[in-house]
Amino acid sequence: MKFNKIAIKGLIGAAVLLFVQGTLTQQSFAQTIIPVQTQNNALVLEANNEKDLSIIFFGKKLADVNEYKLVSKAYKQSDDYTGLLNSVYTPSGSRNLVEPAISVTHADGNNSLDLRYVSHKETKLSDDVSLLSVLLKDPVYNFEVTLYYKSYFKEDVVEQWSEIRHTEKGTVTLHKYASANLHLKAGSYWLNQYHGDWAREMQPEESKLTHGIKTLDSKLGTRANLFQPSVFMISLDKPAAEDEGNVLYGALEYSGNFKIDLELDYQNNLRIIAGINNYASAYTLKSGETFTTPAFLYTFSDKGKGDASRKLQRWAREHKLLDGKGSRLTLLNNWEATYFDFDEKKLAELIRDTKKLGVDMFLLDDGWFANKHPRNGDVAGLGDWQENRTKLPNGIGSLIKEADANGVKFGIWIEPEMVNPKSELYEKHPDWVLKQPGRNEYYFRNQLVLDLANPKVQDFVYGVVDGLFTKNPKLAYIKWDCNAVIYNAHSSYLKNQSHFYIEYMRGLYKVLQRIRAKYPTVPMMLCSGGGGRVDYGALQYFTEFWPSDNTDPLERIFIQWEYSYFYPAISSSNHVTDWGKQPIKFRTDVAMMGKLGFDIVVSKLPENDLKFCQEAIKNYNSVKDVIWHGDQYRLLNPRDGSIASMAYINDKKTSGVIFNYLVNSRYGESSKAPIKLKGLDPDKKYRIKEINLYPETKSTINANAVYSGDFLMNVGFNPDVNSGRTSVVLQLEEAN
Ligand code: GLA
């Protein structure tokens, strides 16, 4: 009598294998089942008697883990032919017939790879977090892959990555090296993806996937998300709605070139293969060396996009974003107020305006540096990080003193990965610059990218930041920009140019790790001309990101809306500027939906506008906790009608803020029906008052009325948005 051996990964992830007796069969086989389970979901792996490890289940988890072994038999799809269609990490060159996760040339020149299950191990890292590792080996070659699944139980999030190594005699070339390979089963698959360009970031597009491969990718090197980010959603069977439907969210935690292949195979299953883009990046792996991929991040909800987004936001705040549970500085930025045209006197005035406005910090933007080729425009000076003596004869130190005297903090803009050809840096170190020998230079915003694959350049970039902090210990904030893509990718440092894109990112992360080792908490904004670099690979070193240079509040409602599916509000830097035609109230209200900042000429504000801003900042300070740390509920999507409405509710469901806007100026458009709130306690009573009123206007909202959560969620609340009240901010509090 032989038993099936079922290795069950414990629910909350004990590092224990339970061996459970299974069914008895004549030709018995060793069926190893490995479920990766979180609070609501499961990804289940199964090794057959041939030791092929496959994905047999992905989705809302079953109540009884013993039933996963029955899943495969329930499907009567057409032949697989290879036994690899649902491979956990599809190798190529042997039996495989579809898009591989990994593809190699062995040391002896052979192109075939087969990966068989060897063992797995689970370690519990905390109450919430478990790490499963699964070892796969080629039976013929000394080549192995370890798959890692870091699961966050409460948040229903999994981070998956791979480690690739070999002990062959000589080097192995990795042609493809995905982070993750998933396999979903459904009737149909709906992809929600994003595209964009400068000032038009995060434009959503939803389509039904057809057979073949749909690829989301970037080959831009730096500013990799300019045209497309790696974040996406896959709805199963029908497009998921905000509060209904089965939806997977995916994202690569990586700031460089990425590639996500979504292959609808002939069996009508969806294969997702995500990782670094292998474009121009065959990687030569030495014997004994380990190649570690970045993590691919995913979550799944059977309750729609809203639930999935709240899980991801919570995960980011708890586990990934730097200081995700902490606080942020409100600020006044001078970019749009002065551009490159400023001096010490002007800045001193702006610092005083910072105080007058009531924000926490003054942020000095581009234009403060370089002497031989002064940074008076975007054509020169980038790379020469010395204070410009004409504009700042007394250096940054004197500005920080001025800020100190005014009781505000001081932050500064840098773009340390880049260089203008018109700079001393370029003159001194032409070999530090990425360019093709013998070809004309080609510029993006008149600049080139430095070769971060070169350790000397890493030291230089680290030195820019370290130098600023060493000279100015009171410096409170860095805005780290990255405005160019990589053209003519060539490193004069690297012997193997195929390693370039990967080594660039390794160099960047090494620098960021060094910075964080010495300055663990200083807030830094991840800026890349707006939206060009927003990803969780970078956000573990940054406290916030810059969603778009487009700060027209009407546009921002749409842009911020889409980012909010993947990133928490505390990480979204939103500035009030002069973009767009909306009044100051509208602009400020929209900027308050994340981390509030201003980039306006305070001294030129009409009296009531200034009064409004000062009051709004006070209001913001009283509601920012719920915006930063609360749950975000999308109530009315601006793409679906004339009103946008977004709510933030705290954990205890005792307070919240609701932002409402008119996004269509056609005659008579208004909030005709009440808006159903979400995330409240039906049994609690609430009061709702309007805040951020423009001076001398009265609210039409009765702040004394008391409503049950039940009423507010089932009937709703009317913010009374109309052409005379295009922007309405409501504060909700439990009524005692
Ligand atoms: C980029 C940023 C802007 C500003 C400019 C300065 O475009 O997105 O906010 O800092 O650079 O040159």
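The values are calculated or read from the model by the stated rules, or taken from the named source; none is laboratory data. The shown structure was predicted, so the numbers you read here are calculated from the model rather than taken from an experiment. As a convention, Cβ positions derive from the backbone with ideal geometry for all residues, glycine included, and neighbour counts pool all protein chains shown.
Would you be able to say whether some residue in the range 535-542 is within 16 Å of the ligand (Cβ to nearest atom) and on the phi > 0 side of the Ramachandran plot?
Checking the range 535-542: not a single residue is within 16 Å of the ligand (Cβ to nearest atom) and on the phi > 0 side of the Ramachandran plot.
The criterion of being in a helix (DSSP H, G or I) and either buried (at least 21 other Cβ atoms within 10 Å of the Cβ) or within 16 Å of the ligand (Cβ to nearest atom) (or both) does not hold for Val449.
Considering only the range 503-521, I want to know if a residue exists there that is over 23 Å from the mean Cα position of the chain (by Cα), over 30 Å from Lys320 (Cβ atoms) and modelled with pLDDT of 95 or more.
Initial filter on the range 503-521 (over 23 Å from the mean Cα position of the chain (by Cα)): 518.
Subset that is over 30 Å from Lys320 (Cβ atoms): none.
Looking through the range 503-521, none of the residues is over 23 Å from the mean Cα position of the chain (by Cα), over 30 Å from Lys320 (Cβ atoms) and modelled with pLDDT of 95 or more.
Among the helices (runs of 4 or more DSSP H) confined to the range 297-365, the ones with at least 1 residues that are in contact with a strand residue (DSSP E or B) (Cβ under 7 Å, 6 or more places away or on another chain), within 16 Å of the ligand (Cβ to nearest atom) and at negative phi are located at 344-357.
Scan the range 185-196 for residues that are surrounded by 21 or more Cβ atoms within 10 Å (Cβ to Cβ) and under 23 Å from Phe57 (Cβ atoms) and the total you get is 1.
Taken over the range 677-697, the criterion of being more than 25 Å from Thr588 (Cβ to Cβ) and assigned to a strand (DSSP E or B) is satisfied by Lys685 alone. For the range 495-506, the criterion of being of a type in the set (A, V, I, L, M) and surrounded by fewer than 18 Cβ atoms within 10 Å (Cβ to Cβ) is met by no residue.
Please verify whether Phe500 is of a type outside the set (Ser, Thr, Tyr), under 19 Å from Met525 (Cα atoms) and either more than 16 Å from the ligand (Cβ to nearest atom) or in contact with a Ser or Thr (Cβ under 9 Å, 6 or more places away or on another chain) (or both), treating the condition exactly as stated. Write out each step before concluding.
Details: of a type outside the set (Ser, Thr, Tyr): yes; under 19 Å from Met525 (Cα atoms): no; either more than 16 Å from the ligand (Cβ to nearest atom) or in contact with a Ser or Thr (Cβ under 9 Å, 6 or more places away or on another chain) (or both): yes.
Answer is no for this residue.
One residue stands out in the range 220-234 among those that are without any contact (Cβ under 8 Å) to a residue 60 or more places away in the chain and part of a strand (DSSP E or B): the one that is nearest to Tyr567 (Cα to Cα), namely Phe232. The lone criterion from (1) among the small types (Gly, Ala, Ser); (2) buried (at least 24 other Cβ atoms within 10 Å of the Cβ); (3) touching a helix residue (DSSP H, G or I) at 6+ places or on another chain (Cβ under 8 Å) left unmet by Ala274 is number (3). Considering only residues in the range 549-568 that are crowded, with 24+ Cβ neighbours inside 10 Å and more than 19 Å from Met233 (Cα to Cα), the one that is farthest from the ligand (Cβ to nearest atom) turns out to be Pro553.
Taking the listed residues Asn472, Asn440, the one that is away from the ligand (no atom under 16 Å from the Cβ), more than 27 Å from Ser398 (Cα to Cα) and not small (Gly, Ala, Ser) is Asn440, with no other qualifying. Of the residues screened, Lys303 is not one that is more than 31 Å from the chain's Cα centre (by Cα) and closer than 29 Å to Pro568 by Cα. Would you call Asn483 away from the ligand (no atom under 16 Å from the Cβ) and either without any contact (Cβ under 8 Å) to a residue 40 or more places away in the chain or of a type outside the set (Ser, Thr, Tyr) (or both)? No.
Among the helices (runs of 4 or more DSSP H) contained in the range 530-630, which hold 2 or more residues that are within 18 Å of Lys325 (Cβ to Cβ), at pLDDT 95 or above and not assigned by TED's automatic domain parsing to the domain that holds Ala644? Spell out the reasoning first.
Working: elements: 536-539, 553-564, 584-591, 607-629.
Answer list for the range 530-630: 536-539, 607-629.
State yes or no: is Ser528 of a type in the set (S, T, N, Q), more than 15 Å from the ligand (Cβ to nearest atom) and in contact (Cβ under 8 Å) with a residue 60 or more places away in the chain? Before you say what the answer is, go through the steps one by one.
Details: of a type in the set (S, T, N, Q): yes; more than 15 Å from the ligand (Cβ to nearest atom): no; in contact (Cβ under 8 Å) with a residue 60 or more places away in the chain: yes.
When the stated conditions are applied, Ser528 does not pass them.
Is it fair to say Lys372 is basic (Lys, Arg), away from the ligand (no atom under 16 Å from the Cβ), without any contact (Cβ under 8 Å) to a residue 24 or more places away in the chain and surrounded by fewer than 20 Cβ atoms within 10 Å (Cβ to Cβ)? Spelling it out, it is not the case that Lys372 is basic (Lys, Arg), away from the ligand (no atom under 16 Å from the Cβ), without any contact (Cβ under 8 Å) to a residue 24 or more places away in the chain and surrounded by fewer than 20 Cβ atoms within 10 Å (Cβ to Cβ).
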